Amino acid sequence: AEVLYRAKNATRSRLAKMSAKPESGALLNASFLKRNGLLDPDVVAEIHDSFRDRDIFWWQVFARETLQILYDDHYPENKSRLLSTAQDILDHRLRIFDKPVSFPGRVDWHLDPLENKTVPLQYWSEIDYKNPKVVQDVKYIWELNRHQHFVTLAKAFYLTGEENYAKELFSQWRDWLDKNPYLFGVSWTSALELAFRLISWSRALQFSKSSEFFTPELLLSILQSVEQHARFIAQHLSRYSSGNNHLIGEAVGLIYAGCCFPGLRDREKWRRKGFSIVFQQLPAQTFPDGVIKEQAVHYLRYLFDFGILARTAAAQENMPVPQEFDETLEKMAGFVYALYRGQRLVPKIGDEDGGQAIRWCEKESDPYASILATAGYLFNRPEFFGEIDRIDEATFWRLGVAEKPNGMTIKERTSQTEVSHFPHGGYIVIRHSAKNLEQQVVFDCGPLGFGALAAHGHADALHFTLAVNGQAVLIDSGTYRYQCQPKWRSYFRGTRAHNTVTVDDLDQSQPLASFQWGRKAKAVLEKFDQQGDRILLVGRHDGYAKKGVVHRRQMLFEPPGQWTITDFVEGKGVHRISLNFHLSPCRYEIEGSNAVTAVFERCRLVFLFSSDKEFVMDIVQGQEEPFILGWHSRGYGFKSPNPVVHLDFEDDLPVRIETRINVAATQ
């Protein structure tokens, strides 16, 4: 079925190419006007007027001045950041991930900022955007063309009434339509990216529709492009092996094309198809315990926002939301709560692409606190509010609330040690609270990722992270970039970048392509035992079974701060065994041949290693040869050195390695 689906799409693309011409997207097509009954200027004027009069989102029921006062009262710092960012956009200065980009004239929508070159305008399927010789990293071009900065300009106009913001918005919009003709250019190479654009357009237009620069003629050009976007998405949905978060995002794009743009014949078809997919796929792509099957926490943020966007549109259309859908969103938030609780940190599990479904605000805020605030209100979960200081701006725009509810009853902890177990997703979260010492371990004993590709999973079985007193100390290395030198993509998603064992310098799972794994390690939790505040976990995986090797890890916690990790590498013959512990930047000291002290701002870790075989211990930082080690990424496009405690063995199996980590608060 998948082969037939892809062959059908390829044939459709070849046929469409024969008649496609790179004409300006701002030129109106007669067949578009006729098909949608828009040949009569009076009809267009009527649609334009009704579009201006029709309110879609909750905040539009307020008088504009009332909302301005409400916003200014609750988010004055955000307002300053909004106007500063909007001014940068007026000056054609933008930031794309780690890269500041400045355009001296008009915005170059096809610019590869990493190479400072413009990608030629070609038919979409002929652009080999995965080839670094064509585009260094296409995500940088896609990010600009998501038009999330359009929302910034539109919101600045709405909250100030100053027309210069709307003038620039619609000038850029016209320019984009002109320079990105249907089916030509990098902007048309991904159905998901088209969906992001539709989401941004729907929000931006609602903020800016009262502007004098929003004319009936411009609305017609936008509607034509919306129809083209929706048709492309509907024909190129990410089905079968690629049907992960992309499919859900594409469906939300169809929903917004159908719900937010009047006068288009196929609105109801897009709307119906979008809701059908989202309501089915969000639960299908999430385990019953709230862990998303992609095993990537950043993508949970995408799915949660997609869910909220769909829910908002359903409310606007008076469409009932399935109970299972809401239950899924609540369980997702419950998983975030377990990760976030106490430390207010979430480890970088799996891939992270630096993006967001919609730009809710310009001032950087904690996206996981935002999930808890939104879910706390939607699902009456008062305990979620115990982990946040205030209601963030994203929740304000989602739900129309700006303050935490009164009269909440939040349950107190019943013991010093608490465990949250997510058996389907494969995560165990251990929290221990003692005087001056709050600790949290997240232990990974779950599947690699979702479906045949497991595209966004990392080879991290039996990996764990440790946070102490609100500071990440044993870390996940992150993602860095998707399209870059292959060695970096391989490193950051590979086993060596995680706090676990590697055998013969191989990953636990078999990497095939940048978003594809072949043979996948299967992890199993063999034992979980809690005796008061004492916790014992035992897990194993079969990632090295073809080498005749099994890795089993035992983790024992004994209060107040003693963690004993025992790694059993079982098999026969001589193998090279490596064990890595990735530290966030800190001061450290090697003591003899088997001990390390690492001093962080809020705590101190003392490592003591022992084994039944000889080993060499070292601290590696910022290394590229003979292999990459000692790098972490705080966000997409960023990488910097960090210290890694590295142990090497080369001996006959079996090997037993014991690591004692003593955790103490710094005085």
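One table, with the values for the structure above:
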read-out: Checking Gly539 against (1) touching a Cys at 6+ places or on another chain (Cβ under 8 Å); (2) without any contact (Cβ under 8 Å) to a residue 40 or more places away in the chain; (3) not β-branched (Val, Ile, Thr), the condition it does not meet; value: (2)
read-out: Search result, residues across the stretch 86-104 that are in a strand (DSSP E or B) and within 18 Å of Lys167 (Cα to Cα); value: Arg93, Leu94
read-out: Condition met for Ala195 (farther than 16 Å from Ile89 by Cβ, among the hydrophobic types (A, V, I, L, M, F, W, C), at pLDDT 95 or above and assigned to a helix (DSSP H, G or I)); value: yes
read-out: Residues that are under 34 Å from the mean Cα position of the chain (by Cα) and either over 22 Å from Leu466 (Cβ atoms) or surrounded by fewer than 16 Cβ atoms within 10 Å (Cβ to Cβ) (or both), drawn from the stretch 582-596; value: Pro585, Arg587
read-out: Odd one out for Ser125, checked against (1) under 23 Å from Arg359 (Cα atoms); (2) of a type in the set (Ser, Thr, Tyr); (3) surrounded by 13 or more Cβ atoms within 10 Å (Cβ to Cβ); value: (1)
read-out: In the stretch 110-124, residue farthest from the chain's Cα centre (by Cα) [restricted to those that are farther than 9 Å from Gly185 by Cα and in contact (Cβ under 8 Å) with a residue 24 or more places away in the chain]; value: Leu111
read-out: Members of the stretch 428-487 found to be in a loop (DSSP other than H, G, I, E, B) and of a type in the set (S, T, N, Q), listed by number; value: Asn436, Asn469, Ser477, Thr479, Gln483, Gln485
read-out: Test: residue in the stretch 325-339 that is in the same structural domain as Glu393 (by TED's automatic domain parsing), over 20 Å from Glu383 (Cα atoms), assigned to a helix (DSSP H, G or I) and touching a Cys at 6+ places or on another chain (Cβ under 9 Å); value: no
read-out: Selection from the stretch 73-94 of residues that are surrounded by 13 or more Cβ atoms within 10 Å (Cβ to Cβ) and farther than 15 Å from Leu153 by Cα; value: His74, Tyr75
read-out: Any hit, the stretch 105-116, residues being in a helix (DSSP H, G or I) and either closer than 26 Å to Thr11 by Cβ or of a type in the set (A, V, I, L, M, F, W, C) (or both); value: no
read-out: Residue in the stretch 19-35 that is among the charged types (D, E, K, R), in the same structural domain as Gln172 (by TED's automatic domain parsing) and modelled with pLDDT of 90 or more present; value: yes
read-out: Residue in the stretch 28-36 that is outside any helix (DSSP H, G or I), free of Cβ contacts under 8 Å to residues at least 24 places away in the same chain and touching a helix residue (DSSP H, G or I) at 6+ places or on another chain (Cβ under 8 Å) present; value: no
read-out: One residue from Ser171, Ser202, Ser208 being closer than 26 Å to Arg35 by Cα and either at pLDDT below 95 or hydroxyl-bearing (Ser, Thr, Tyr) (or both); value: Ser202
read-out: Subset tally (residues that are buried (at least 16 other Cβ atoms within 10 Å of the Cβ) and without any contact (Cβ under 8 Å) to a residue 60 or more places away in the chain) for the stretch 542-562; value: 6
read-out: Residue check, Ala7 over 23 Å from Glu168 (Cα atoms) and not polar (S, T, N, Q); value: yes
read-out: Looking only at the stretch 522-548, and only at residues there that are under 13 Å from Ala461 (Cβ atoms) and outside any strand (DSSP E or B), the one that is nearest to the chain's Cα centre (by Cα); value: Lys522
read-out: For Thr465: the one exception among (1) closer than 20 Å to Ile292 by Cβ; (2) surrounded by 22 or more Cβ atoms within 10 Å (Cβ to Cβ); (3) in contact with a helix residue (DSSP H, G or I) (Cβ under 9 Å, 6 or more places away or on another chain); value: (3)
read-out: Which listed residue is outside the structural domain of Phe443 (by TED's automatic domain parsing) and within 25 Å of Arg390 (Cα to Cα), from Ala373, Ala314; value: Ala373
read-out: Single match in Ile47, Ile56 (criterion: at pLDDT below 95 and not aromatic (Phe, Trp, Tyr)); value: Ile56
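Residue-wise test of (1) assigned by TED's automatic domain parsing to the domain that holds Ala7; (2) touching a helix residue (DSSP H, G or I) at 6+ places or on another chain (Cβ under 7 Å).
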| site | (1), (2) |
| --- | --- |
| Phe232 | yes, yes |
| Leu254 | no, yes |
| Glu268 | no, yes |
| Arg272 | no, no |
| Ile292 | no, yes |
| Ile308 | no, yes |
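The values are calculated or read from the model by the stated rules, or taken from the named source; none is laboratory data. Every value quoted in this text rests on a predicted model; they were computed, and no experiment measured them. Virtual Cβ from ideal backbone geometry, glycine too; neighbours counted across all protein chains shown.
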